[in-house]
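Worksheet: the structure to be examined is printed underneath.
The values are calculated or read from the model by the stated rules, or taken from the named source; none is laboratory data. These numbers come from a predicted model, not from an experiment. Cβ sites come from the backbone with ideal geometry, for glycine too, and all protein chains shown count toward neighbours. Side chains included, ligands, DNA and RNA excluded: accessible areas come from the protein's heavy atoms. Shrake-Rupley method; radii C 1.70, N 1.55, O 1.52, S 1.80 Å.
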Amino acid sequence: MTRIKRILLRLLTMSITLFGVAVIVFFVIRVVPGNPISMMLPPGAQEEDIARLQALYGFDRSIPEQFFIWLSGVMQGDLGTSITTHQPVLGLVLSRLPATLELSVVALFLAVFIGGFLALASTRMRGTRVEGMIDVANGMALSIPDFLWGLVLVLLFGVLWPVFHISGRISPTLDFQFQTKFYLFESVMRLRFDIWLDLVSHMFLPALALAIPLAAIIAQLLKQSLKETMHLDYVTLSRTKGYGENHVIIQEALPNAILPTLTLVGVQFTFLIGGTVIIERLFSYEGLGNMAIDAVINRDLPLIQGIVILFALIFTIVNLAVDLTYAALNPKLRHG
Amino acid sequence: MNTFLTIEDLTVTLGTSCPILRSVNLKVKAEEVRGLVGESGAGKSMIGKAVFGTLPTALRITSGRIILDGEDLQSLSPRERRRIIGAKAALIPQDPLTALNPSRRIGPQITNRLVDILGWHKADARLRALELLDEVHIPEPERVMRSYPHELSGGMRQRILIASAFAAKPKLIIADEPTTALDVIVQKQVLQMTKEMQKRHGTALLFVTHDLGVVSKICQSITVLYNGLVLEDTSIAQFFKQPSHPYSAALLRATPKYTDPDSSLMPVPSAVIRAADEEVRACDRIHQNV
Amino acid sequence: MDNARAQIKRKIGVRLWLSGGWLTFLVLAAIFAPLISPQDPLAQDLFTSRLPPFWVDGAEPGYPLGSDSLGRDVLSRIVFGTRIALSVAFIAGTITCLLGATLGLIAGYFRGWPDMLISRLVDIWMAFPPVLFAILLIAVMGTGLTSIIIAIVVIDWTRFARVIRAEAIGQSAMDYVASAQVAGRTRFSTMFREILPNVLPTIAVLLTLEMGIAVIVESILSFVNLSISTDQPTWGGMISEGRVSVHQAWWVLIFPLLTLFLTVLSFSQLGEGLKDHFDPVLK
């Protein structure tokens, strides 16, 4: 099987998955008891007004018909119009996406940094009390999900020792005009480190809450993987060459131990992105997830559909990216 | 003649009480090839590990000295010790399939010791590596340097490992059963190669093996190890003519002859084993009294 | 070696005892909730609002863990919240397990088109953000215990299906399965008599972990006010209220949070303990 064929096959299964997600969301939502339109109108509205609005949003047609109208719109980049805000869904969703992406990526970096450090430290200190302590902490971090870590962090660093902000994305008092929605990135580019610091102080706790479970998984997998690698002959051989323990772990064992960890981290990263939904709510962070919950509560059907599809798209892209990275990093696949 | 490796009274124990090596004495002179033989579990690989400082963490050196080219390794700081080891000794590992790092190209795996530990210039190290690959008859050394291990055959990788061991012009090379994992034909080539390289560079070679056939081909002297205890230390000629220890004699009878593979193989008789075990116990008793 | 093994065993023992002990304690609290609670969990009294816990100045007897902004007793609400948390854990956990494990077994043992179908479904499910999916389902079905249980089953069956499928594939490759078939067993009987007993330990471990997850999902739904009707005390609901008034009355957040934390930790430690217990190497 050639490489191109493999990628095409992947793209095909990806589109089947996305289509499945679209079908499920679309039909689940339309079983909603209670007409979403009636919530938009004042009580005692005329029958014909209701009918007109229904026609406007296409709710007067049969469900399969609505689906294909919507799907053909999606193909052309039109996700419909939000019922609550009367704005195009695509624009709404894209305006919130950068906030969620920045949060997820910062959380991923935190997780890789913390998890990687713990794995290396416990490999370096194997057999000592430090290793045992790291194992215990890891076990705790693994069994508690991000939502609870978020609450714990709110209590610890928002209330008991208030050093970070626990709500919002940026202090409302800051008067700063952003050109893009990537605030964190933009503040660095424009060298406004005061703004950057404020953003980080808002983002740190939600990102950490998302990162803790993933960091624990990375630490555990990488440590296991390193442990197996450290017994291999090439590691011993590099010791006999005169290299110290740090070099042996980082230069010889680590590159080979990372590969098995990578695929699992990819899957876990999609879980992390899924976790942003509740974490953004918890920290009143204005991202996609927070918008999604509002949309569900307001029964804004087109917006819900748009957000779920966008999440599904992000998940499948992350999985594809992980597979491609794996192939690029593995020398056996690179030349095979 | 210079003695490149001197091991004096080396005792290694598991935990605090269980001895793995029992007051081992061993010398390897310049240009000498010494065979170190014993059954599996006799502790022959542990000697190499003790020299390189790569003993498993559960094992400890409880007494003895290891002197490498005049340096008492046990008296050095770990950092100094690693430097001396990297400069003066090298290992030819057992299994060529697992002894090369799969994620790095061959070139850096040969030159890294020269550059990182010995401070050579990269270009010099590269020239040296090419020269060595040529010496072990590797075709297209330039291409091989750029390859990954999985692209090369097992015999090729073992020759690369041999070349790599000689890279830093070490005084001592310890070969840890380098032929066990290879098939008979490749085995023969590798033996020849090792011997040839050793002769050319005048290196002392400690050849760890359980195969007396191999020993007879390339060694000048032999040390027989049983359960961590040295039972015999003699020249090859003497050993094959008239071994001084009954265990050695039994070992010889238990080895198939290449000329006559079907000739009756004698297992080591239990009486000989009992006698050897008695010597081990006697050795332990002496140490307990001390 | 034996010493090390004994040490590991003892560590597992402590873990199992602690987590099992806490969960037993919760079950008893749920059963005897009316007897234990010092107050009616729903009784509002503005004269007793935001009382601090007993060791802080200004506390009142009868409100050992303080009261919330409506004057409701925190301890009583936690105790009654246990009923909902545990019902959800046991019922949702069990149904999820039955559905997911059955599909996983079928996919892993029969392979072919059932496997294709189930695996594709799992893939589609994995592309949903689970929390959002659950919230969506509750919005569709309306709040209430049944909706929550259905939502948990619907979002989490894949967890069982994935793992059990992989295990069933592994077991099917073993010789004993082939010999059972040669001996004339039907495919279904082989699946239940030969494969199922061998994946049971995994199912038990997953079930325990799932119960902890169910408790969390229920809290998350309560947190966004989509769980049970608002006049029934739930841990998540308390946490949600506590989050709002955290600067004025931290105890409204900290006690339900601590209870939730310990419960989730206990379920997962119980699961991990069971995993080690079933591990033949440590036996």
Checklist outcome for this item: Of the residues in segment B:120-153, those that are open to solvent by less than 20 Å² (accessible area, probe 1.4 Å), more than 18 Å from B:Met193 (Cβ to Cβ) and not in a helix (DSSP H, G or I) come to B:Ser147, B:Tyr148
Next on the checklist: As an exercise: evaluate C:Thr146 against (1) more than 10 Å from chain A (Cβ to nearest Cβ); (2) surrounded by 20 or more Cβ atoms within 10 Å (Cβ to Cβ); (3) without any contact (Cβ under 8 Å) to a residue 24 or more places away in the chain and give the number of the one condition it does not meet.
Outcome noted: (2)
Next on the checklist: Go through (1) loosely packed, with under 13 Cβ neighbours inside 10 Å; (2) of a type in the set (Lys, Arg); (3) touching a Gly at 6+ places or on another chain (Cβ under 6 Å) for C:Arg193 and report which single condition fails.
Outcome noted: (3)
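A:Leu103 - would you say it is part of a loop (DSSP other than H, G, I, E, B) and either open to solvent by 10 Å² or more (accessible area, probe 1.4 Å) or modelled with pLDDT of 95 or more (or both)? Before the answer, list the steps.
Values: part of a loop (DSSP other than H, G, I, E, B): no; either open to solvent by 10 Å² or more (accessible area, probe 1.4 Å) or modelled with pLDDT of 95 or more (or both): yes.
When the stated conditions are applied, A:Leu103 does not pass them.
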Checklist outcome for this item: Across segment A:42-63, the tally of residues that are loosely packed, with under 11 Cβ neighbours inside 10 Å and not in a loop (DSSP other than H, G, I, E, B) stands at 2
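Looking for whichever is within 30 Å of C:Gly273 (Cβ to Cβ) and in contact with a Phe, Trp or Tyr (Cβ under 7 Å, 6 or more places away or on another chain) here; the options are A:Leu120, A:Leu148. Which one fits?
Values: A:Leu120 fails: in contact with a Phe, Trp or Tyr (Cβ under 7 Å, 6 or more places away or on another chain).
Among A:Leu120, A:Leu148, only A:Leu148 is within 30 Å of C:Gly273 (Cβ to Cβ) and in contact with a Phe, Trp or Tyr (Cβ under 7 Å, 6 or more places away or on another chain).
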Next on the checklist: Can you pull out every residue in segment B:22-38 that is surrounded by fewer than 19 Cβ atoms within 10 Å (Cβ to Cβ) and within 11 Å of B:Thr6 (Cβ to Cβ)?
Outcome noted: B:Asn25, B:Lys27, B:Lys29
Item to check | Residue in segment C:223-244 that is surrounded by the fewest Cβ atoms within 10 Å (Cβ to Cβ), counting only those that are out of contact with any Leu (no Cβ under 8 Å at 6 or more places or on another chain), of a type outside the set (A, V, I, L, M) and within 11 Å of chain A (Cβ to nearest Cβ) | outcome: C:Asn225
Item to check | Residue that is farthest from the chain's Cα centre (by Cα) [pool: residues in segment B:56-89 that are within 11 Å of chain A (Cβ to nearest Cβ) and touching a residue at least 40 places away in the same chain (Cβ under 8 Å)] | outcome: B:Ala58
Checklist outcome for this item: When segment A:219-278 is checked residue by residue, the ones that are modelled with pLDDT of 90 or more, more than 30 Å from B:Ala90 (Cα to Cα) and either within 14 Å of chain B (Cβ to nearest Cβ) or not in a helix (DSSP H, G or I) (or both) are none
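If you check C:Leu136, C:Leu117, C:Leu132, which single one turns out to be open to solvent by 20 Å² or more (accessible area, probe 1.4 Å), out of contact with any Pro (no Cβ under 8 Å at 6 or more places or on another chain) and free of Cβ contacts under 8 Å to residues at least 40 places away in the same chain?
Numbers: C:Leu136 fails: open to solvent by 20 Å² or more (accessible area, probe 1.4 Å); C:Leu132 fails: open to solvent by 20 Å² or more (accessible area, probe 1.4 Å).
Exactly one residue qualifies, and that residue is C:Leu117.
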Item to check | Residue match in segment C:251-264 (condition: at pLDDT below 90, more than 30 Å from A:Asn298 (Cβ to Cβ) and not basic (Lys, Arg)) | outcome: yes
Item to check | Residue among A:Pro162, A:Pro98, A:Pro64 that is within 14 Å of chain C (Cβ to nearest Cβ) and over 30 Å from A:His247 (Cβ atoms) | outcome: A:Pro162
Checklist outcome for this item: C:Leu270 vs (1) within 8 Å of chain A (Cβ to nearest Cβ); (2) open to solvent by 30 Å² or more (accessible area, probe 1.4 Å): all pass except (1)
Checklist entry - Within segment C:86-113, restricting attention to residues that are open to solvent by less than 40 Å² (accessible area, probe 1.4 Å), of a type in the set (A, V, I, L, M, F, W, C) and out of contact with any Ser or Thr (no Cβ under 7 Å at 6 or more places or on another chain), which residue is nearest to C:Gln181 (Cα to Cα)? => result C:Leu105
